[in-house]
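Below is one structure, written out as structure tokens, with a few remarks after it.
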């Protein structure tokens, strides 16, 4: 009986270990259930120092070298969730009017599903080919409910003549939508 309990615990912890330690589906994607961000945040990493700082905040060594001449990293932190079962995806949404768009989609646990009964702060980090256009995140449904512009991208985005016709949202607005 005791051996069975130990085996069940180990089987439950193996997927969590892979998620927390990185190792997403590709070598340029990492995700986890615990980050230092208790509110929504999205970051655009364009330099090696910022890459190292990002991983230092996650209390991990960078999983790979970052080539600032070739790469661009995007990190989305969902903020505090009351249970496990949440995750986020970051998918390219195209380039329009000089803006590099990425959609950030939150996956929520299905109603009635078994989830970890612990506070989580899910995140995902991806590395994509570098472009000079400002990065803007579409937050919400398939077409996005609002645009989120990371602090490091504001000056670049303001230089663009036209942003997509969606309201610009702040992190606290995203948190309020999440709770309603």
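Summarising the overall dimensions of the range 39-139 from its C-alpha atoms, the Rg and Dmax are 15.0, 46 angstrom. Note on the range 56-112: Cα convex hull, mean projected area over all directions, 6.3 nm².
Each value in this text was obtained by applying a stated rule to the coordinates, not by laboratory testing. Since the structure is predicted, the reported quantities are computational estimates derived from the model, not experimental observations.
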